[in-house]
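So the structure is just underneath, and the comments pick up after that.
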Amino acid sequence: MRTSILNILSFLISMMVLLWGSLLVMGFTQYELIPTTLEYLNLPSLAIVIGGVSASIFISYPFRNVLRAYRESLRLFSHSTISDDLLEDDIQRILEWQKMIKEDRVQAVAQLSEDYMETFEGYLFSVMDTNYSSEELRELGEINIEENFSKQLQINQIIMSMGKSAPVFGMLGTLFGLIVMLSGFNEVESLLTGLAAALMTTLYGIIIGNFIFIPMARKMNNIASLQYFREKMILEGVLLIENQKTSLQIYDKLQAHMRRNKTQL
């Protein structure tokens with residue numbers, strides 16, 4: 001077990017943001033960072049939520065994974081490119097591979113390995129090029145699929161954790177707002193300031209958690225599942241080629257694979 005300097009620095013920066021927002025909410029300091037017309041955004045409340053979420057995540061997960069999770073969160077309105085049409089195209093590509101390998105296995109496998117370099121398909125062809133048995137090809141392919149799937153699920157778990165913790169830090173800001181309301185200083189002004197902080201921080205926590213991070217985590221889980229199925233289908237197709245099945249056998253088997261997946265979904 002080792003200490004990550006980047007995690008420590010990121011945690012400290014996040015805590016400073018959280019502390020800064022807390023001090024602003026409680027009236028211990030002032031800020032002039034945004035125009036008066038945009039004060040309804042309540043920057044201190046947002047700082048409490050963002051700072052708190054970031055601090056908790058940098059404690060729990062590696063720095064690199066957290067950065068990747070934040071990048072994934074920016075794809076809120078993106079969608080998977082894996083569709084039935086793409087899977088049908090994959091089946092046709094597999095049938096083309098079968099014809100190429102049937103004509104000249106050595107040259108075809110080497111060419112395909114180069115053409116699909118740095119992809120899952122390229123990895124399978126590179127394994128075939130080293131003359132592993134079909135059992136070993138299946139084992140190595142499944143290990144690669146499971147590893148990629150597991151890595152993506154770890155990122156999705158981070159995004160889900162951010163979504164679940166955001167409302168918690170929203171409640172923390174609400175407590176700070178209540179402290180201001182009950183402090184008794186500058187009674188009317190204190191009451192209004194505290195009430196605004198309490199409501200806005202709760203609002204930010206709910207929006208950031210339930211409308212951004214949690215839906216994003218669910219979407220990424222769905223995308224990861226689709227990618228998992230696609231790679232499984234490609235592996236099955238390559239194994240059928242390796243076992244010298246005919247084009248009709250390969251097509252029927254992969255179509256059955258697709259239908260079974262649709263039934264499970």
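Within the stretch 219-230, is even one residue over 30 Å from Arg105 (Cα atoms), at pLDDT below 80 and in contact with a helix residue (DSSP H, G or I) (Cβ under 8 Å, 6 or more places away or on another chain)?
So far as the stretch 219-230 goes, no, none of its residues is over 30 Å from Arg105 (Cα atoms), at pLDDT below 80 and in contact with a helix residue (DSSP H, G or I) (Cβ under 8 Å, 6 or more places away or on another chain).
Please verify whether Glu142 is among the acidic types (Asp, Glu) and touching a residue at least 40 places away in the same chain (Cβ under 8 Å), treating the condition exactly as stated. Please lay out each step first, then the result.
Details: among the acidic types (Asp, Glu): yes; touching a residue at least 40 places away in the same chain (Cβ under 8 Å): yes.
Answer is yes for this residue.
Looking at the stretch 34-47, is at least one residue under 30 Å from Lys164 (Cα atoms) and either part of a loop (DSSP other than H, G, I, E, B) or at pLDDT 90 or above (or both)?
Yes, some residue in the stretch 34-47 is under 30 Å from Lys164 (Cα atoms) and either part of a loop (DSSP other than H, G, I, E, B) or at pLDDT 90 or above (or both).
Just to check your reading of the model, which residue among Glu147, Glu118, Glu142, Glu72 is under 29 Å from the mean Cα position of the chain (by Cα) and on the phi > 0 side of the Ramachandran plot?
After ruling out the rest, the residue left standing is Glu118.
Could you list, in sequence order, all residues of the stretch 129-155 that are closer than 14 Å to Leu235 by Cα and hydrophobic (A, V, I, L, M, F, W, C)?
The answer is Leu137, Leu140, Ile143, Ile145.
Restricted to the stretch 209-248, and to residues that are among the small types (Gly, Ala, Ser), crowded, with 20+ Cβ neighbours inside 10 Å and closer than 18 Å to Ser73 by Cα, which residue is farthest from the chain's Cα centre (by Cα)? Lay out the reasoning, then the answer.
Our first condition is that a residue be among the small types (Gly, Ala, Ser); within the stretch 209-248, this holds for 209, 217, 224-225, 237, 247.
The next check asks that each one be crowded, with 20+ Cβ neighbours inside 10 Å; those that pass are 209, 217, 237.
Now drop any that are not closer than 18 Å to Ser73 by Cα, which leaves 209, 217.
Working: Gly209: 15, Ala217: 6 Å.
So, considering only residues that are among the small types (Gly, Ala, Ser), crowded, with 20+ Cβ neighbours inside 10 Å and closer than 18 Å to Ser73 by Cα, the one farthest from the chain's Cα centre (by Cα) is Gly209.
Given the stretch 70-129, what helices (runs of 4 or more DSSP H) lie entirely inside it while holding 1 or more residues that are in contact with a Leu (Cβ under 7 Å, 6 or more places away or on another chain) and surrounded by 17 or more Cβ atoms within 10 Å (Cβ to Cβ)?
Details: elements: 84-103, 105-115, 120-129.
Output list reads 84-103, 120-129.
The values are calculated or read from the model by the stated rules, or taken from the named source; none is laboratory data. Just so it is clear, the structure is predicted and the values come from calculations on it, not from any experiment. Using ideal geometry, Cβ is built from the backbone for each residue, glycine included, and neighbour counts are taken over all protein chains shown.
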